[in-house]
Amino acid sequence: MPDIGVRNFAGGINSPNPFWLASAPPTNTGEMIMRAFDAGWGGGVWKTIGEPITNVTSRYSATDWNGQRIMGFNNIELISDRTVEQNLREMAEVKKRYPKNAVIASLMVASTREAWHEIVTRTEDAGADGLELNFGCPHGMSERGMGSAVGQVPEYAQMITEWVKEKARTPVLVKLTPNISDIRTVARAAKRGGADGLSAINTINSITGIDLDTFVPRPNVDGKSSHGGYCGPAVKPIALNMVQQILADPESTLPLSGIGGIGSWRDAAEFLLLGCGTVQVCTVVMHYGYRIVEDMAEGLDNWMREKGFKTLEDFRGLSLNRVTEWKHLNLNYKIVAHIDEQKCIGCDLCHIACWDGAHQCIHLDRVTGPVDGHLELHRTPAAKESESRASIAETPVTRKERAAAFAPGPYPAPLERISRVDETECVGCNLCSLVCPVDGCITMVQVDTGLKPETWDERTRGAACVPTVGEPAN
Amino acid sequence: MSTAVLPHDEQLRARFSELKPALTAQAAVIEADRCLNCFDAPCTAACPTHIDVPGFIKRIASGNLRGSALRILDANILGASCARVCPVDVLCEGACVLTRQNRKPIQIGQLQRRAMDAFWASGEAVPVAAPGTHKLRVACIGGGPASLACAAELCRQGARATVIERRELPGGLNTYGVAEYKLRAADSVHEVEMIRRLGVEFRCGLEVDSAAALVALEAEFDFIFLGLGLGAMQRLNIPGEDAEGVMNALELIAAYKTGHLRELHGTVVVVGAGNTAIDAANAARRLGADTVYMLYRRSESDMSAFDFEYEHAKQEGVQFLWRRQPVAIGQGEHGRLILETVQAREADGKIEVIPDSQSAIACDLVVPAIGQSPLTQILQELRGVQARDGKIVADRVTGQTGNPRYYAGGDCVNGGREVVDAVAGGKRAARAMLKEAEVAHA
Ligand SMILES: Cc1cc2nc3c(=O)[nH]c(=O)nc-3n(C[C@H](O)[C@H](O)[C@H](O)COP(=O)(O)OP(=O)(O)OC[C@H]3O[C@@H](n4cnc5c(N)ncnc54)[C@H](O)[C@@H]3O)c2cc1C
Ligand SMILES: Cc1cc2nc3c(=O)[nH]c(=O)nc-3n(C[C@H](O)[C@H](O)[C@H](O)COP(=O)(O)O)c2cc1C
Ligand code: SF4
Ligand code: SF4
């Protein structure tokens, strides 16, 4: 039975599992956090505590895609609208009732040493297991010299981290904003300032869309909008990249709590494989509620069982060194697309994708006879389409006609609709396999080039001494 | 346009409530988003009018409903009725690639209806080229889907077309034949009205029944399109067939659709097992008949009706009597009828009667539904237009007949298929006539 517990994260934080709620509405109150712990969440980062603010209505907007709600989520909310006293009173209560779960206090106060010292002492007295410094809120707070402004200036970030470390007895995490050209600059500053860990990423500056009737961007606050913070499934790839950048950089790397678009155990496993110690979730919980953690925990457990991992440490960071610079990739590795005729359903999306979006090497010529080579030799998609528009089709009204129309063939799709890859032209870009709606129908298979692995770096270094032009012949 | 109106009959509406209610706006978008947007889509190829199915579906998904409807109407001017009446299982939806993944096909018919309903609701007219762009004048004989599609295509391209229909209302079987729970006669007439707004002229209540009438039309028009449909229902040719209480399927259907038959009771026997027989049987049930039998001389696996129509009939409570043949209709008590039948069997592909297998069914109505007979009378008058097996011989692509000034399409050419086939035939003929006229003027 795998153990998914987290021990000694960032020098002292424990939680029964790596799934934490990010500092956001799901952690607004003690009552909510306790319900979340009951549902199975290992930890929670309290909705950022500071001088209470006033929010506007409305506050959220989303990006829906292809019938799916909330692919991306956007908010223009500020930190907690509740008093510090209220939040800390409830935090003490939560800690008393749930001693095993991690309760992290997210903090944002005015940029003075005294203000930070005071809030650190008060939250730790309330029983917080750790502190998360919110330098990342991308809107509203930055105008007041807090949040992103601090998160975007390495010197400020370092200074405040140092102030906090002067007082803190519990681990100090710095939450990083992605709204900066290189997230590592602030990560390094936090590390120099003595942070015990990092959390990344916070939300990304965004405008999700504009109402085409009122011309007001969303969310609409009395006829105006404001840039907000983007999060949810859409941002995961950006978050993963930033997490990788931080953890691969010796001057930045620290225990990291991964955030951004996580909604399932798969997402979580990916962040852990890059080296995160815990993960945080906000949007998907706002969408479906706390109960999603059940499958996250079970799914991770089952996957670890299957892979033979006993603890999170067994696989944490395994994928980190699989990311390298482009110049270190093997130029002589070649794959080509392969279509499984028994799986193809004949949508021909691969054909049009390769013609209009790649290298014109998927053809519909299995019946007319394969043609390899130059473009002009092949029927273009437009010619193909106008041919079928000119054909005569009739409703099969008799049993015989219907039997003929729906007669099964050797493959599920009619042969003339099963496309064919010209492997001599295929550049192995993956596009067709990505558009194919059938799992496992298009696979990318390796072909032996007979060449030794060679990277760009190696090739150009070689070129410096041996000035050759042209590609080696196959 | 005829001034005849269809009665607004609440009872009819209630009894023939829609089989497939329209999708809500949001359900339509969700369904539209399921479409894979195939290249050279098989659904488009399977549609006789080759509607750009993924094209109109993606426009629904994006909220471009006007563009979606115009996309449909470009290929099929009767897009609204086709959305309701097409046997999509064996057409577009039957061709959907999702079925090969054991997934439900996209509800193409329902989505088409969504776009067309929205277009109708907008009240917008279908765009046409400037009238008179083409000098061409065409008479379309028959006011059914074939002629309507032909005339509409001609007017959209700027030519002039006149539809001549012998019945009071235009629309052909769309108005008088198709089951009311699929397409209301009123909606068919409404659709014709849209076609009239394209500039098509209608002469209803006028039968072209003589060589002289044709000669007159030849003088008035450049081309004549024949969209005559099929002939009358076939007779059973058994004794007692002309008794009161015998009413063929088309008469029954036309009568209820126009409000002349509002109620049935007792037992109804429909003879035949095609789609029309099923429509008549279902109608009898909905009109109040307690027991409805369908009598068929062959077996279940031989019936020509579509599978989904057969399933539907069973749901409506229609009962099937297989391998039974009617032999005579006699008079029973209290004005009822006695349908004498025998049991049949098949031997070497031939049907033979099983000796001593007579049985009688006491009933209140007998409905012959064994198919429409081919056109007879008018074909003899048609000047140089050839016919074979009661079907007009016309070029598959152009619809041109043996007489180059006559074109034909729809049931009278294909021997009886579906509305969408008639639309395709009419449209192809219109395009061929336009081309021919251009060549002549060039
Ligand atoms: C009961 C029934 C139910 C059906 N249900 C469906 C369905 O659900 N879905 C589907 O797709 N198809 C259905 N069909 C088939 C469909 O209705 C036909 O395929 C289609 O209507 C054919 O169109 P058409 O224009 O060729 O002929 P018709 O619709 O038959 O139109 C021909 C018109 O020409 C007129 N006419 C004929 N001769 C003359 C003349 N000499 N002078 C003037 N006018 C003349 C007739 O009165 C008629 O109005 C059904 C058919 C029937 C009988
Ligand atoms: C409505 C809302 C309010 C938030 N408030 C805070 C906050 O007060 N402090 C903070 O550090 N982060 C705040 N965040 C950011 C989240 O903690 C988290 O970093 C971000 O949403 C990315 O995670 P996700 O993709 O799982 O949502 C907020 C996010 C949302 C959606
Ligand atoms: S995308 Fe996949 S299913 Fe579609 S035609 Fe290509 S191989 Fe077949
Ligand atoms: S991998 Fe790229 S180039 Fe090769 S067939 Fe697929 S889309 Fe075309």
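Values for this structure:
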quantity	calculated
Matching entry among B:Gly259, B:Gly245 (being under 13 Å from B:Val367 (Cβ atoms) and either among the polar types (S, T, N, Q) or touching a residue at least 60 places away in the same chain (Cβ under 8 Å) (or both))	B:Gly245
Complete set of residues in the stretch B:33-52 that are closer than 27 Å to B:Ala179 by Cα and more than 21 Å from the chain's Cα centre (by Cα)	B:Asp52
Residue within the stretch A:16-23 that is farther than 23 Å from A:Gly261 by Cβ and not β-branched (Val, Ile, Thr) present	yes
Residue in the stretch A:367-384 that is of a type in the set (Asp, Glu) and at pLDDT 95 or above present	no
Residue ID - nearest to the other protein chains (Cβ to nearest Cβ), chosen from residues in the stretch B:71-111 that are over 21 Å from A:Ala405 (Cα atoms) and basic (Lys, Arg)	B:Arg71
Condition check for B:Leu236: without any contact (Cβ under 8 Å) to a residue 60 or more places away in the chain, part of a loop (DSSP other than H, G, I, E, B), surrounded by 16 or more Cβ atoms within 10 Å (Cβ to Cβ) and of a type in the set (A, V, I, L, M)	no
Matching helices (runs of 4 or more DSSP H) fully within the stretch A:341-423 where at least 2 residues are out of contact with any Leu (no Cβ under 7 Å at 6 or more places or on another chain) and without any contact (Cβ under 8 Å) to a residue 24 or more places away in the chain	A:381-390, A:399-405
The stretch A:76-101: number of residues that are farther than 20 Å from A:Leu176 by Cα and touching a residue at least 60 places away in the same chain (Cβ under 8 Å)	8
Checklist (1) without any contact (Cβ under 8 Å) to a residue 60 or more places away in the chain; (2) within 14 Å of chain B (Cβ to nearest Cβ); (3) buried (at least 21 other Cβ atoms within 10 Å of the Cβ) applied to A:Leu274, failing item	(2)
Selection count where residues are under 24 Å from B:Gly240 (Cβ atoms) and exposed (fewer than 14 other Cβ atoms within 10 Å of the Cβ), scope the stretch B:361-385	1
Members of the stretch A:424-462 that are of a type in the set (Ser, Thr, Tyr) and part of a helix (DSSP H, G or I)	A:Ser433, A:Thr460
Those helices (runs of 4 or more DSSP H) lying entirely in the stretch B:111-207 with at least 2 residues at pLDDT 95 or above, β-branched (Val, Ile, Thr) and more than 11 Å from ligand 1 (Cβ to nearest atom)	B:185-196
Near pairs, Cβ below 8 angstrom, 6+ apart or cross-chain, from the stretch A:212-227 (assigned by TED's automatic domain parsing to the domain that holds A:Asn179) to any residue that is at pLDDT below 95 and of a type in the set (Lys, Arg)	none
Members of the stretch B:293-344 that are within 19 Å of B:Ala280 (Cβ to Cβ), aliphatic (A, V, I, L, M) and surrounded by fewer than 21 Cβ atoms within 10 Å (Cβ to Cβ)	B:Leu321
Tally of residues being over 16 Å from A:Ser388 (Cα atoms) and touching an Asp or Glu at 6+ places or on another chain (Cβ under 7 Å) across the stretch B:47-75	2
Given (1) touching a strand residue (DSSP E or B) at 6+ places or on another chain (Cβ under 6 Å); (2) outside the structural domain of A:Tyr411 (by TED's automatic domain parsing), index of the condition A:Ile292 fails	(1)
Residue list for the stretch A:283-297, filter: in contact (Cβ under 8 Å) with a residue 60 or more places away in the chain and either within 16 Å of ligand 3 (Cβ to nearest atom) or within 17 Å of the chain's Cα centre (by Cα) (or both)	A:Thr283, A:Val285, A:Met286, A:His287, A:Met296
Evaluation of A:Val435 against (1) assigned by TED's automatic domain parsing to the domain that holds A:Cys344; (2) out of contact with any strand residue (DSSP E or B) (no Cβ under 6 Å at 6 or more places or on another chain); (3) at pLDDT below 95 (one fails), failing number	(3)
Those residues of the stretch A:58-87 which are within 11 Å of ligand 2 (Cβ to nearest atom) and among the charged types (D, E, K, R), in sequence order	A:Arg59, A:Glu77, A:Asp81
Qualifying residue in the stretch A:41-56 (condition: in a loop (DSSP other than H, G, I, E, B) and without any contact (Cβ under 8 Å) to a residue 24 or more places away in the chain)	no
Some residue of the stretch A:401-413 being more than 30 Å from B:Ala305 (Cβ to Cβ), facing another protein chain (nearest Cβ under 10 Å) and over 44 Å from the mean Cα position of the chain (by Cα)	no
So B:Ile72, is it touching a Lys or Arg at 6+ places or on another chain (Cβ under 9 Å) and crowded, with 18+ Cβ neighbours inside 10 Å	no
Residue selected from the stretch A:373-400 under the condition more than 8 Å from chain B (Cβ to nearest Cβ) and of a type in the set (A, V, I, L, M, F, W, C), by the criterion nearest to B:Phe39 (Cα to Cα)	A:Ala382
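The values are calculated or read from the model by the stated rules, or taken from the named source; none is laboratory data. Everything numeric in this text was worked out from a predicted model, so none of it was measured. Cβ coordinates were reconstructed from backbone atoms using ideal geometry, including for glycine residues, and neighbour counts include every protein chain displayed.
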